[in-house]
């Protein structure tokens, strides 16, 4: 295996961790927008942008994994199918929580209610990211996948 090819393979694990870091930062930006909105009416626009942006980013990340990454892993590492199924179940739960957050922001719920939505998402998201990294990082070093990382991990 050529050195460049090896670096490309290892990059999948690095990219996964980088996307997780960016999603955590996006969640924190949404929290900051909620806090700013509670004392500053014009910040409501920022709140909608950050909350909807966070929802779109996390959804895009999960869709890319579902459509590109997980099928490649299931084919090359069939022993991980149960772990992939667990990750997909997390994706479904997180999608429902994101739908609830979108509805709450659209209704202009009180900041404390919005923060509770983010708390629930953050807890599941963090547990999901840790499990995903434990299960997948080592195999991402050898995964054969010829795809654009922006399609695999979402555009963030």
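What follows is calculated from the coordinates using simple rules that are stated; it is not laboratory data. The structure displayed is predicted, hence computed values, not measured ones. Positions of Cβ are backbone-derived with ideal geometry, glycine not excepted, and every protein chain shown enters the neighbour counts.
Before moving on, here are some points about what is shown:
- Note that segment 75-156, at 37 °C in a medium of 0.692 mPa s, gets a Stokes-Einstein diffusion coefficient of 222 µm²/s from its Kirkwood radius over C-alpha pairs.
- Net length gained if the chain between residue 142 and residue 126 were fully extended (0.36 nm per residue, minus Cα distance): 3.3 nm
- Relative to the dominant Cα principal axis of the chain, helix 3-39 is inclined by about 10°.
- Degrees separating the helix 81-107 axis from the principal Cα axis of the chain, which is the longest one: 20
- Label-reachable residues, segment 131-150, where backbone N falls under 19 Å from a point 7 Å from residue 15's Cα toward its Cβ: 132-150
- Ratio of Rg to Rh over segment 3-153 (Cα coordinates, Kirkwood Rh, two decimals): 1.04
- With Cα atoms, 0 to 90° folded angle of helix 111-140 axis to the chain main axis: 10
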